[in-house]
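What follows is one structure encoded as structure tokens, with my remarks underneath.
The values are calculated or read from the model by the stated rules, or taken from the named source; none is laboratory data. These numbers come from a predicted model, not from an experiment. Cβ sites come from the backbone with ideal geometry, for glycine too, and all protein chains shown count toward neighbours. What goes into the accessible areas is simple: the full protein's heavy atoms, side chains included, and nothing from ligands, DNA or RNA. Shrake-Rupley method; radii C 1.70, N 1.55, O 1.52, S 1.80 Å.
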Amino acid sequence: MRTIEYKCNREQIPSKKSGSTKILGFVFRAAGTGGWISADDGSRSDGSAALMRKKRIMRIGIFGGTFDPVHLGHLLLAEQCREQGRLDRVKFVPAAAPPHKLEKQVTPFAQRVEMLALAIAGHPAFEIDELEKDRSGPSFTADTLAELQQRNPGAELCLVIGADTLADLPNWHRPDLVVERASLLVAARPGITPVSLESLKHQIGLPEHACVCCQIVHIPLIGISSTDLRTRVSAGRSIRFQVPRAVECYIEQHQLYTSQGHDAERV
Ligand code: ATP
């Protein structure tokens, strides 16, 4: 038997008869299906048939990062968020001007995008969204989410992040808007102590009763970071099996992260 969790968007109570469910202007989700489903036409139907017929709310994963370079930790995180978070698609959103890296050298946007394209090639649910490319100033996630909401009306946005990023969220530009505009899919990262939602709300300045949607996603702990990969390449050490082979070849071919080929830009 299917368990259905209701979230009323009108002040109505579901009436259940044996084997059937009357649905009147609710969004609901059934265990094992993921996502919220609109059912505004007041029809009476069998629960599972309703799930097939009614429009399912699209869940879009938003995975922001510098991706300098993209590595297997990123890909594993995105894939597990897709599966455990029941996402319809995952948008990789490379930061044009990462706010926390304004003083650092970052590989040109186009090359980071090319490496991403090589890394996700062939995955039907993964795509790159370059929407931060043309925005002037720092790439704030709150602005990115607002733009994505406009472009995907009715979709639920889910921000894909590692535990280090969650801990840093209170330092972001308008973190209150970030958690209002997206639910969070968070995975552990080696060496990072997880923050509790209560402490996060407190740091953001949200009241205790505020609702922050957060799902923990389980991934094998993998201690790969872009910083370590850049250091390895510049020291002539191996990055094999830490990035997709095509990305490794790209780095070699374009002499990224070496002193000879160092054409990173200050963002
Ligand atoms: P850098 O070392 O340059 O800071 P990074 O490896 O942390 O880079 P980013 O592009 O800054 O990669 O990270 C994008 C997102 O991916 C962040 O939310 C980060 O927490 C997450 N992430 C990166 N690497 C891992 C990993 N190994 N395990 C879990 N999450 C990760």
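At a glance:
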quantity	calculated
Length-normalised contact order of the stretch 84-229 in % [C-alpha pairs under 8 Å, at least 6 apart]	21 percent
Rounded to the nearest 20 debye, dipole of the stretch 58-219 from Cβ charges on Lys, Arg, Asp, Glu	100 debye
Surrounding net charge for residue 186, when Lys and Arg each add one and Asp and Glu each subtract one, Cβ distance under 13 Å	-1
Surface share of carbon and sulfur [accessible, 1.4 angstrom probe, percent] for the stretch 123-195	47 percent
Derived scalar couplings ³J(HN,Hα) [the stretch 67-84; Karplus, 6.51 cos²θ - 1.76 cosθ + 1.60; whole Hz; x for Gly, Pro]	6, 10, x, 5, 9, 5, x, 4, 5, 5, 4, 4, 5, 5, 5, 4, 6, 6
Those trypsin sites (Lys or Arg not before Pro) in the stretch 100-193 that DSSP places in a loop and that have at most 15 other beta carbons within 10 Å	104, 133, 135
